[in-house]
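Here is the structure we will look at, set down as structure tokens.
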Amino acid sequence: MDYFLAAVSIAISIIGLIGCLLPVIPGPPLSYIALLIIQTTAFGTLSTITMVVIGGITVVVTILDYVIPAWTTRKFGGSRRGAIGATLGLFIGMLFFPPIGIIIGPFIGAFFGEISGGANNAKATKSAIGSFIGFVFGTGIKIALSGTMLYMVIREVLKISNI
């Protein structure tokens, strides 16, 4: 059963890593669930403190993933319309133009959101750049965290398996 759960944990970790790029899959929370699963097996050797710290980091990163794009859009002069446009652009880009749509969708959405609110092209472009920077930064921290947890899961399995 431990080997089955180890395989499930690795699979969930990989899905979590993929989820860092696809907004419909909660990447870091899935990766943390995988880490919790591996801890229930003979492979799990991480301390409770380590698990609590990683859990806290996962919560913070998940919250920041929603806050950072809107914050950077606003910091670059964007409005609420720009932030909403960026979010809509992300989903539309993901559905109709994957994988490149995930990257350019928020930029285009923020731009058109600002234009619909009466902003000129220069202000709309600045807001769109802010949205893009927020998306890239948020995605980067999610990938770093989920990648670290995938590494930890695999390390735990290999440590006990003597592979």
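Per-structure values
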quantity	calculated
Only listed residue being out of contact with any Phe, Trp or Tyr (no Cβ under 9 Å at 6 or more places or on another chain) and either under 21 Å from ASP65 (Cβ atoms) or at pLDDT 90 or above (or both), chosen from PHE135, PHE112	PHE112
Selected residue [over 21 Å from LEU21 (Cα atoms), part of a helix (DSSP H, G or I) and polar (S, T, N, Q)] from THR125, THR148	THR125
Residue match in segment 98-113 (condition: on the phi < 0 side of the Ramachandran plot, in contact (Cβ under 8 Å) with a residue 60 or more places away in the chain and within 13 Å of the chain's Cα centre (by Cα))	yes
Conditions (1) modelled with pLDDT under 95; (2) part of a helix (DSSP H, G or I): number failed by ILE25	(2)
Among (1) modelled with pLDDT under 90; (2) assigned to a loop (DSSP other than H, G, I, E, B); (3) out of contact with any Pro (no Cβ under 8 Å at 6 or more places or on another chain) - the single one LEU46 does not satisfy	(1)
Any pair with Cβ under 8 angstrom, 6 or more apart, that starts in segment 1-28 at a residue that is in contact (Cβ under 8 Å) with a residue 24 or more places away in the chain and under 25 Å from ILE103 (Cβ atoms) and ends at one that is assigned to a loop (DSSP other than H, G, I, E, B) and among the aliphatic types (A, V, I, L, M)	GLY16/ILE25; GLY19/ILE25; GLY27/LEU21
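The values are calculated or read from the model by the stated rules, or taken from the named source; none is laboratory data. Just so we're clear, the structure is a prediction, and the values are computed from it rather than from any experiment. Heads up, the Cβs are rebuilt from the backbone with ideal geometry, glycines too, and the neighbour counts pull from every protein chain shown.
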